Amino acid sequence: MTASSPDEAVIAVPTEEHAKRRGPGRNLPAAIAVGVALGAVLIVAVFVVPQAFPVVAAVAMVLAVLELTRALAEGGLRLPQIPLLVGVIGMVVSTVVFGAEGLLVATAAAVCVLILWRVSESMGLSALRDVAGGVFALAWVPFLGCFLLLLFAREQGEMLVLLAILGPVGNDIGGYIAGVLFGKHPMAPKISPKKSWEGFVGSLLLGTAAVTAVGTFALDLPVWDGILIGAVLVVISTCGDLSQSLLKRDLGIKDMGHLLPGHGGVLDRVDSILLAAPTTYVMLEVLLP
């Protein structure tokens with residue numbers, strides 16, 4: 001047997017195997033257990049003890065912002081946590097009490113406090129970058145997340161929240177199953193190598209079906225409105241996943257956190273929901289008379 005060169009070794013690896021179906025890629029039992037537990041907490045908070053839903057949403061947003069500040073620290077940004085966390089709580093409370101107007105005012109106030117807090121520590125280009133990162137954190141997590149509270153405050157708000165969440169959940173589950181079983185063609189190999197076009201089809205089918213079922217049977221939406229909302233939520237959720245994957249790749253990290261075994265961090269779990277909530281809110285405003 002003759003020794004093979006490194007180039008020959010690379011050639012000898014069947015490249016088709018890498019293009020074929022991918023494995024689970026995570027601790028599946030832990031992921032399922034955590035997913036079921038999160039689903040149970042959500043169902044209880046939304047349908048059984050609705051007074052607890054704003055609290056659950058606030059806790060999730062606080063944890064997500066903490067994860068984001070730590071992740072951005074890997075890129076050299078130093079976000080002041082105290083004004084960010086106070087801003088999250090203020091935005092949640094203002095949304096619950098005053099609605100959309102309260103959210104806008106609280107967001108503006110949080111941004112002002114953030115700027116004053118950071119500038120009082122130091123000036124210069126680093127302060128400017130930190131402020132920009134802080135505004136990004138406020139806009140991504142609590143501002144978008146509070147649209148779930150706006151949906152919850154509307155008539156049949158429980159089902160509207162479920163509608164907004166089922167799109168991303170169906171996107172994740174459908175994409176994961178179809179990707180594991182049939183995934184061969186990468187969607188964006190340089191951003192998220194495990195995402196495939198076959199997985200996206202699975203996401204589209206399951207996510208759209210789940211949203212259409214809730215919209216049609218629970219909210220009396222026309223079937224085509226349910227299909228449209230479901231398809232848009234799946235596309236938005238996929239864009240959210242890819243955007244966070246790109247951010248994590250730029251920061252050189254695998255997950256935003258490690259709080260949820262099999263899932264990563266809280267932000268890894270809610271990134272798609274953060275985009276789906278305002279999308280659902282806007283589409284319902286347009287489609288419903």
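The values are calculated or read from the model by the stated rules, or taken from the named source; none is laboratory data. Note that this is a predicted model, so its numbers are computed, not measured. Every residue, glycine among them, receives a Cβ derived from its backbone with ideal geometry; neighbour counts consider all protein chains shown. What goes into the accessible areas is simple: the full protein's heavy atoms, side chains included, and nothing from ligands, DNA or RNA. Shrake-Rupley method; radii C 1.70, N 1.55, O 1.52, S 1.80 Å.
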| Test: residue in the range 174-195 that is open to solvent by less than 40 Å² (accessible area, probe 1.4 Å) and under 27 Å from residue 286 (Cβ atoms) | yes
| request: Please find, among 238, 216, 212, the residue that is within 27 Å of residue 36 (Cα to Cα) and in contact (Cβ under 8 Å) with a residue 40 or more places away in the chain. | output: 238
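Quick grid of which residues meet (1) in contact with a helix residue (DSSP H, G or I) (Cβ under 7 Å, 6 or more places away or on another chain); (2) within 16 Å of residue 86 (Cα to Cα); (3) outside any helix (DSSP H, G or I):
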position	(1), (2), (3)
103	yes, yes, no
128	no, no, no
136	no, yes, no
154	yes, no, yes
179	yes, no, no
198	yes, no, no
| remark: Of the residues in the range 234-252, those that are in contact with a Lys or Arg (Cβ under 9 Å, 6 or more places away or on another chain) and more than 18 Å from residue 141 (Cα to Cα) come to 249
| message | When you check residue 151 against the structure, is it under 18 Å from the mean Cα position of the chain (by Cα) and open to solvent by less than 10 Å² (accessible area, probe 1.4 Å), yes or no? | response | yes
| request: May I ask you to say which residue of 270, 235, 214 is out of contact with any strand residue (DSSP E or B) (no Cβ under 7 Å at 6 or more places or on another chain) and open to solvent by 60 Å² or more (accessible area, probe 1.4 Å)? | output: 235
| remark: Within the range 234-256, of all residues that are outside any helix (DSSP H, G or I) and either among the aromatic types (Phe, Trp, Tyr) or over 13 Å from the mean Cα position of the chain (by Cα) (or both), the one modelled with the lowest pLDDT is 254
| Filtered residues of the range 67-87 (kept if touching a residue at least 60 places away in the same chain (Cβ under 8 Å) and open to solvent by less than 30 Å² (accessible area, probe 1.4 Å)) | 67, 68, 69, 71, 72
